[in-house]
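Here is the structure we will look at, set down as structure tokens.
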Amino acid sequence: MKSFNYHSAKDSKEASKLSSSNSAFLAGGMTTIPSMKLGLASYKDIIDIKGIKKLSGIKVSGKSVIIGATTKHVEVANSKDVKKAIPSLALLAEGIGDPQVRNRGTIGGSIANNDPSADYPSACVALDAIVHTNERKIEASKFFKGMFETALKKGELIEAIEFKVPEKSSYQKHPNPASRYAVVGVYVAKHKNGTIVAVTGAKPCVYNDKDLSKALDSNFSANSISGMKLKSSDMNSDIHASAEYRANLVVIQAKKAVEAC
Ligand SMILES: Cc1cc2nc3c(=O)[nH]c(=O)nc-3n(C[C@H](O)[C@H](O)[C@H](O)COP(=O)(O)OP(=O)(O)OC[C@H]3O[C@@H](n4cnc5c(N)ncnc54)[C@H](O)[C@@H]3O)c2cc1C
């Protein structure tokens, strides 16, 4: 690992000011540290944001669940308030990685990294979330731009994620047996004004599957999407699953999610 300057920021303003084109924020470090150790990434400045109290914690109101950026996966998984308001979100957090990853990894780090197989991006899209940064509020539908790419500007810090409480919802993933990342994960959320089916793992970036969402909007039942054939030409294909396998798996996981709602 190459040497770097370590900074511990006291607030969002300082964290943002310290950042440069060659820096990274340190939240859980579950992606940043291994990438640096393996020589895949190197930074001049590492800005630790774990000490910023304002960035951690969970607030639940009737209509929304707001989770601070440095809140760890284990805290979301164990939160009685999240379990009551959006049980599927707590279950999603409980299914991330292993106990070590859940005890260090954070929700802000996960969505900033935007791994194509990460779980939280699907929750953000399905639960029509708003990403609060130190500069603005960004709708989830406009936040995830492409593989490992988001709408965040250099130095922009995620402070919290605000999820809309749906009428019902479920997240179903087919995990990679080693890492637990999603080979395919489907988050179905039925809101008062429509259904959103968010898919992770299948394409380079999380997406709202409009065909599945439309079918469930007219009839919210597993039967209504049974046998649907999705286009596989733009789906990921790797040693874990072919594009055709993933296209089929999206429908299977979506059916499971509807049945579990
Ligand atoms: C073995 C292993 C298994 C895993 N399995 C899964 C899995 O099954 N599902 C899954 O979804 N994930 C999985 N992960 C990823 C993990 O859950 C972490 O969420 C993820 O690594 C990033 O979160 P972090 O807090 O560790 O971020 P860090 O590593 O600290 O940071 C990652 C990136 O995000 C940026 N960043 C961090 N916080 C902010 C912020 N508040 N604002 C702006 N930018 C920020 C940093 O600059 C950096 O570029 C796994 C990781 C490992 C190592």
**Study point:** Scope region 214-261; condition within 24 Å of residue 146 (Cβ to Cβ) and in contact with an Asp or Glu (Cβ under 6 Å, 6 or more places away or on another chain); matching residues
**Key:** 232
Review point. Can residue 84 be described as part of a helix (DSSP H, G or I) and either of a type in the set (Gly, Ala, Ser) or surrounded by fewer than 14 Cβ atoms within 10 Å (Cβ to Cβ) (or both)?
Key: yes
Review point. Pick from region 21-39 the residues that are within 12 Å of the ligand (Cβ to nearest atom) and surrounded by fewer than 18 Cβ atoms within 10 Å (Cβ to Cβ): which of them is farthest from residue 75 (Cα to Cα)?
Key: 22
**Study point:** Hits in region 200-214 (condition: under 15 Å from the mean Cα position of the chain (by Cα) and more than 14 Å from the ligand (Cβ to nearest atom))
**Key:** 202, 203, 204, 207, 208
Study note, to complete from the structure: Of 152, 212, the only residue that is closer than 30 Å to residue 26 by Cβ and either buried (at least 24 other Cβ atoms within 10 Å of the Cβ) or at pLDDT 95 or above (or both) is 152
Point to revise | Members of region 96-116 found to be over 18 Å from residue 57 (Cβ atoms) and either buried (at least 24 other Cβ atoms within 10 Å of the Cβ) or more than 7 Å from the ligand (Cβ to nearest atom) (or both), listed by number | key: 96, 99, 100, 114, 116
Exercise for review: Go through region 159-207 and count every residue that is surrounded by 18 or more Cβ atoms within 10 Å (Cβ to Cβ) and either charged (D, E, K, R) or not in a loop (DSSP other than H, G, I, E, B) (or both).
Suggested key: 30
Practice item. Out of the residues in region 227-252 that are under 23 Å from the mean Cα position of the chain (by Cα) and acidic (Asp, Glu), state the one that is nearest to residue 118 (Cα to Cα). Key: 238
Review point. Is region 228-239 home to any residue that is closer than 26 Å to residue 111 by Cβ, in contact (Cβ under 8 Å) with a residue 12 or more places away in the chain, within 16 Å of the ligand (Cβ to nearest atom) and of a type in the set (S, T, N, Q)?
Key: yes
Exercise for review: For region 117-136, name all the residues that are more than 8 Å from the ligand (Cβ to nearest atom) and part of a loop (DSSP other than H, G, I, E, B).
Suggested key: 127, 128, 129, 134, 135, 136
Check your understanding: In region 117-146, which residue that is surrounded by fewer than 18 Cβ atoms within 10 Å (Cβ to Cβ) and out of contact with any Lys or Arg (no Cβ under 9 Å at 6 or more places or on another chain) is farthest from residue 166 (Cα to Cα)?
Key -> 146
Review point. Consider residue 69 against the criteria (1) within 16 Å of the chain's Cα centre (by Cα); (2) surrounded by fewer than 20 Cβ atoms within 10 Å (Cβ to Cβ); (3) within 11 Å of the ligand (Cβ to nearest atom); (4) of a type in the set (A, V, I, L, M): it satisfies all of them except one. Which criterion is unmet?
Key: (2)
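The values are calculated or read from the model by the stated rules, or taken from the named source; none is laboratory data. This structure is a prediction, so every number in the text was calculated from the model and none was measured. Counting neighbours? That spans all protein chains shown, and the Cβs are built from the backbone with ideal geometry, glycine included.
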